[in-house]
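Structure first, then comments.
Nothing in this text is a laboratory measurement; each read-out follows from the coordinates by a stated rule. Owing to the predicted nature of the structure, the values given are computational and were not obtained by experimental measurement. We place every Cβ from the backbone using ideal geometry, glycine too, and count neighbours over all the protein chains shown.
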Amino acid sequence: MTVVEAERQSIDLYHFTSRLNRTLDHTGRSRVVEMMWQVVFADGEVSEFEDNLVYDMMLRGEFDLRIPPYAQTDEIFADIIRQFDTPAANKMLEIPKLRKVLLPTIRAEFGMAYKYEFQPVEPFAFPISSFVGDADPWVSEEDSAGWGEFTRGGFTNHVRKGSHFLMADDGEYILETINREFASLVVQ
């Protein structure tokens, strides 16, 4: 079976990369990494996150292409988490007891995101508010505004100064806004 045939038969990244690891030599795997870079460059932009993650994982001999990122060893998975450059996560990873307790939960969240398949649903009757940081490297204002498609009850997209972990950066505003919006629903 050729790699092209294997790709056509693959149902997810894990199965495809497993087959690649079993069938390709070092040169072939290097070609796959080259193609990863082509994907990163496909939109004409390379975000710092994409650049760092691909590069760092390429350098890690322990990174196993046969398994998804959330199923990597604790050390590799911790390195993937560090790529998000979040001070709270970095601190958690440095404290052994906290790391032991929280790493399985974070791993499970990554696993859910990796396995998620969108299923269309009827729009909700209640209003939705979304909060996004204007400097978020992973979620754009347009992405955040997409939540408006899931409600018939009104939608507000709050674009605030901040990054991906806006709750940490702007928690007071978010909580005040949620309280105000809930209060206005109760009064109606």
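When you count, for each residue, the other Cβ atoms within 10 Å and take the mean per peptide, how do 117-124, 72-79, 169-176 rank with the highest first?
Final packing ranking: 72-79, 169-176, 117-124.
Calculate the length of the line joining the C-alpha centroid of segment 146-176 to that of segment 117-136, in whole Å.
That distance is 10 Å.
Quick check: convex hull over the Cα atoms of segment 70-117, volume per residue in Å³, rounded to an integer?
It is 68 Å³ per residue.
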